[in-house]
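A quick write-up on the structure given underneath.
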Amino acid sequence: CKVSGELRNTPPASAPCTTSSPPLTGNWGPSNLTIISLTAADPFNINTVYSVNDTLTVQFNKDTNLAGFQLNSILTKLDVDSIFTFSASLGSGYTGLWITRSTFVITIADITGSGPPAIGS
């Protein structure tokens, strides 16, 4: 409120309002960004189980802001975890890479402690 605005209660029994507004809360509606596919792969076709060098490719329905990271820059496990929440542990080591503005690839480096993720769940 501005003092010059002379905003008061009614009938006027107080000094003019001079307070600042509280922080804006709420939202502008739901995000229209969604994951349209999550694909597991073994790029070297070494085995049929979850293992080192396997990849998970996350495909979004439209371009993203890359979560503040750079295109084609390798992200650490901490970086990946700052973007995604996983229902099962992927293991103790993995990296991530935005290959396009709508496609993110996670490469598994260490499966120790992994869930592991299951196809179809």
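Throughout, read-outs are computed from the coordinates displayed, never taken from laboratory work. Bear in mind the structure is a predicted one, so any value in this text is a computation, not a measurement. Backbone-built Cβ (ideal geometry, glycine too); neighbour counts: all protein chains shown.
Relative contact order, whole percent, for the chain stands at 21, derived from Cα pairs under 8 Å and 6 or more residues apart. Kirkwood-type hydrodynamic radius, the chain: 17.9 Å, calculated from all non-identical alpha-carbon pairs. Calculated on the alpha-carbon coordinates, the convex hull of region 23-66 measures out at 145 cubic angstrom per residue.
When each of the peptides 11-21, 109-119, 33-43 is scored by the mean number of other C-beta atoms lying within 10 Å of its residues, the order from highest to lowest reads 109-119, 33-43, 11-21.
Distance from the C-alpha centroid of region 12-36 to that of region 58-83: 29 Å, rounded to the whole angstrom.
Given the DSSP H assignment, sum -39500 (n - 2.57) over each helix run of at least 4 residues in the chain and divide by its residue total; what's the result at 222 nm in deg cm²/dmol, nearest 500?
The per-residue figure over the chain is -1500 deg cm²/dmol.
Give me Rg over Rh for region 53-99, both radii from the alpha carbons and Rh done the Kirkwood way, two decimal places. My calculation of the ratio gives 0.93.
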